[in-house]
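A.B. asks: Attaching a single structure in structure tokens format; questions to follow.
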2 protein chains.
Amino acid sequence: MPHPPSDLAEVRALAFDVFGTVVDWRSSVIREGEALGAARGLAVDWAAFADAWRAGYAPAMNRVRHGELPWTRLDDLHRMTLDNLLERFGIAEALDEADRAHFNRVWHRLDPWPDSVNGLTRLRRGYILTTLSNGNVSLLVNMAKRAGLPWDCVLSAELAGHYKRDPEAYRMVTRLLDLPPKRIMMVAAHQDDLQAAHREGFRTAFVKRPLEHGPDATPDLSVDPCFDRVAEDFHDLADQLGLPEGPRP
Amino acid sequence: MPHPPSDLAEVRALAFDVFGTVVDWRSSVIREGEALGAARGLAVDWAAFADAWRAGYAPAMNRVRHGELPWTRLDDLHRMTLDNLLERFGIAEALDEADRAHFNRVWHRLDPWPDSVNGLTRLRRGYILTTLSNGNVSLLVNMAKRAGLPWDCVLSAELAGHYKRDPEAYRMVTRLLDLPPKRIMMVAAHQDDLQAAHREGFRTAFVKRPLEHGPDATPDLSVDPCFDRVAEDFHDLADQLGLPEGPRP
């Protein structure tokens with residue numbers, strides 16, 4: 001396939017959702033939880049803990065989105081949720097402030113999906129690659145540094161003062177990259193993120209991440225007709241965009 | 001020398017001035033001016049033109065800094081100065097809107113100094129590398145993409161709504177990287193930039209760029225006692241920070 005495909009010839013930048021789309025948050029949180037549990041002698045179902053932490057994400061952001069909280073960056077929302085969960089799982093007494101502060105930053109240390117680094121490296125040959133994540137800038141920078149994610153630019157809801165799916169988050173990208181929305185393609189594993197980007201005039205690519213919620217989950221992988229591309233992973237997306245081959249995981 | 005040196009052991013991020021420190025704006029503007037002049041049959045002293053364009057930079061930013069203009073990104077300030085200069089150099093009639101728009105974006109296409117890409121690549125092994133430039137985000141992203149500048153993060157005065165040397169520009173970096181100022185070292189070829197960073201509590205490295213204003217200029221290379229390091233180029237800085245050797249230009 002030639003690069004670029006004719007219907008996407010105007011696209012110049014790809015904007016990536018990160019949690020779940022680029023990195024496997026669930027396995028990473030479980031891994032660090034298990035290590036922490038072993039070190040402190042805690043009997044905890046860390047898969048349930050990871051799922052509960054993530055389940056607190058949307059409600060916490062909604063408190064900001066609906067004005068119940070002033071702008072609060074994701075690190076601080078994660079910490080509020082973490083402190084509640086430590087109580088709920090009965091381990092609040094076992095973890096001191098240093099433990100909590102370190103564990104809260106596990107979201108800075110998430111591992112990429114196996115195709116992410118090589119797939120992004122291929123995509124970067126044809127496009128500006130930016131994040132468009134609800135993670136704060138420092139979280140995204142630290143994650144990229146550790147995982148080797150080859151971003152050209154780290155953009156965050158923090159820079160808009162609005163979390164996705166608020167339209168202001170998408171408009172921040174068009175403003176800062178100085179590109180009209182039709183020249184930016186949102187890449188995400190979540191339908192509502194792509195639908196919100198589509199409403200702002202972005203192009204969209206749905207990347208399926210069937211393991212985001214673990215091997216036993218049955219995630220919604222349905223395709224909205226508004227999606228411009230549907231891909232199995234970042235290599236499949238690079239293939240569809242006509243980019244040269246590169247090393248695969 | 002071990003990495004990191006003991007007096008800078010806390011430094012985690014390097015924040016770089018860009019115009020003059022990382023890229024050679026003058027030679028790049030002259031090069032493109034000469035090409036444009038040849039294409040349009042214009043007799044212009046492009047070195048004088050480049051110097052005049054750059055000389056318009058501080059006064060234009062000061063109009064924003066003093067509230068005479070609302071926040072205006074550097075691309076637009078460059079364009080205001082360019083339109084004035086085309087009149088002053090008597091070539092306004094010869095350049096249409098497409099020529100002007102393209103030439104204005106020469107600031108997105110500046111060439112790095114010979115040591116910049118390899119030197120930054122070495123420094124990146126030890127530190128988070130961010131820009132802290134008055135250039136707008138899209139300018140810095142396009143420049144990095146073209147020149148291969150290996151930033152971890154692209155931060156700009158645009159994100160603060162304040163141009164350097166306003167303190168808000170430096171505080172934006174500490175806020176977004178979530179690091180105290182003493183853990184960030186400003187790297188610049190300009191004393192006043194480093195002095196302003198020092199006032200905010202940053203560490204500072206002065207990198208001499210004696211050719212910034214051309215081979216006939218006699219730039220101020222004086223060293224302020226507030227500078228933590230003084231370097232001849234980015235390889236010298238990497239040496240002083242105890243980083244491993246890498247390919248030199």
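A.B. asks: Take every Cα-Cα pair in the range A:56-155 and report what % of them are more than 18 Å apart.
C.D. replies: 57 percent
A.B. asks: I've got another one for you. Which value, in debye to the nearest 20, describes the size of the charge dipole of the protein assembly as shown about its Cα centre when Lys and Arg Cβ atoms bear +1, Asp and Glu Cβ atoms bear -1, and nothing else is charged?
C.D. replies: That gives the protein assembly as shown a dipole magnitude of about 0 debye.
A.B. asks: Express in nm, to one decimal, how much length is gained between B:Arg171 and B:Glu245 on full extension, taking 0.36 nm for each residue of separation and deducting their alpha carbon distance.
C.D. replies: Result for the pair: 23.4 nm of gain on full extension.
A.B. asks: For the range A:26-108, what's the relative contact order in percent, using C-alpha pairs closer than 8 Å and at least 6 residues apart?
C.D. replies: 35 percent
A.B. asks: Mean-square fluctuation check for chain B, GNM, Cα pairs under 10 Å: which of B:Pro219, B:Pro70, B:Pro180 is largest?
C.D. replies: With Cα springs under 10 Å in chain B, the top fluctuation among B:Pro219, B:Pro70, B:Pro180 is at B:Pro70.
A.B. asks: OK, next. For peptide A:175-181, what's the mean number of Cβ atoms from other chains within 10 Å of each residue's Cβ?
C.D. replies: Per residue, the number of nearby Cβ atoms from other chains is 4 on average.
A.B. asks: Summarise the partner chain shielding of B:149-155 as one whole number: the mean count of Cβ atoms from other chains within 10 Å of each residue's Cβ.
C.D. replies: 5
A.B. asks: Next question. Which net charge results when you count Lys and Arg as +1 and Asp and Glu as -1 among the other residues whose beta-carbon is under 12 Å from that of B:Pro244?
C.D. replies: +1
A.B. asks: Excluding same-chain residues fewer than 8 positions from A:Lys145, which lysines have a Cα within less than 20 Å of its Cα?
C.D. replies: B:Lys145
A.B. asks: Also: May I ask for the percentage of alpha-carbon pairs in the protein assembly as shown that lie more than 31 Å from each other?
C.D. replies: Everything past 31 Å amounts to 49 percent.
A.B. asks: Report P(r) for the range A:1-47: all Cα-Cα distances, bin width 10 Å, range 0 to the bin holding the largest distance, values in whole percent.
C.D. replies: Result, from short to long distances: 22, 25, 20, 13, 13, 6 percent.
A.B. asks: State log₁₀ I(q)/I(0) for the range B:1-90 at q = 0.15, 0.26 Å⁻¹ as given by the Debye formula over alpha-carbon point scatterers of equal weight, solvent excluded.
C.D. replies: For the range B:1-90, the Cα-only Debye profile gives -0.71, -1.35.
A.B. asks: When only Cα pairs under 8 Å and 6 or more residues apart are kept, what is the percent relative contact order across chain A?
C.D. replies: That works out to 27 percent.
A.B. asks: Once fully extended, how much extra length lies between A:Ala92 and A:Val223, figured as 0.36 nm per residue of separation less the alpha-carbon to alpha-carbon distance?
C.D. replies: That pair, A:Ala92 and A:Val223, stretches by 43.0 nm at full extension.
A.B. asks: Quick one: which residues, 5+ away or cross-chain, put their amide H under 5 Å from the amide H of B:Val230? H built at 1.01 Å from N.
C.D. replies: Here the answer is B:Phe206, since their amide H atoms fall under 5 Å of that of B:Val230.
A.B. asks: Where a Cα-Cα gap under 15 Å defines reach, which aspartates and glutamates qualify for A:Lys182, not counting those fewer than 8 residues away within the same chain?
C.D. replies: A:Asp7, A:Glu10, A:Glu200, A:Asp228
A.B. asks: Semi-axes, largest first, in whole Å: what does sqrt of 5 times each Cα gyration tensor eigenvalue give for the range B:175-249?
C.D. replies: Over the Cα atoms of the range B:175-249, the ellipsoid semi-axes are 22, 18, 10 Å.
A.B. asks: For peptide A:136-145, how many partner chain Cβ atoms fall within 10 Å of a residue's Cβ, on average?
C.D. replies: 5
A.B. asks: Residue-wise, which Karplus ³J(HN,Hα) couplings in Hz belong to the range A:231-238, taking 6.51 cos²θ - 1.76 cosθ + 1.60, θ = phi - 60°, and x for glycine or proline?
C.D. replies: Going residue by residue, I get 10, 7, 6, 6, 5, 4, 4, 4 Hz, with x marking Gly and Pro.
A.B. asks: Can you compute 3J(HN,Hα) from phi for each residue in the range A:148-156, using the Karplus curve 6.51 cos²θ - 1.76 cosθ + 1.60 with θ = phi - 60°, rounded to whole Hz and x for Gly and Pro?
C.D. replies: The phi angles translate into x, 7, x, 6, 7, 7, 10, 10, 9 Hz.
A.B. asks: Read phi for every residue in the range B:13-28 and hand back ³J(HN,Hα) as whole Hz from Karplus 6.51 cos²θ - 1.76 cosθ + 1.60, θ = phi - 60°, with x for Gly and Pro.
C.D. replies: 9, 10, 10, 9, 4, 10, 5, x, 8, 9, 10, 9, 4, 5, 4, 5
A.B. asks: Using a Gaussian network for chain B with springs between C-alpha atoms less than 10 Å apart, which of these wobbles most: B:Tyr127, B:Tyr57, B:Tyr170?
C.D. replies: Result: B:Tyr57 has the largest fluctuation of those listed.
A.B. asks: Using the alpha carbons of chain A, what is the convex hull volume per residue in cubic angstrom, as a whole number?
C.D. replies: 123 Å³
A.B. asks: To continue, here is another question. Counting Lys and Arg as +1 and Asp and Glu as -1, what is the net charge of the other residues whose Cβ lies under 10 Å from the Cβ of A:Ile184?
C.D. replies: Charge balance in the 10 Å sphere: +2.
A.B. asks: Quick check: Cα centre of the range A:144-219 to Cα centre of the range B:1-34, how many Å?
C.D. replies: Here the two parts' Cα centres lie 31 Å apart.
Bear in mind these aren't lab numbers, they're just calculated from the coordinates by the rules spelled out. The structure displayed is predicted, hence computed values, not measured ones. All Cβ positions, glycine included, derive from the backbone under ideal geometry; neighbour counts span all protein chains shown.
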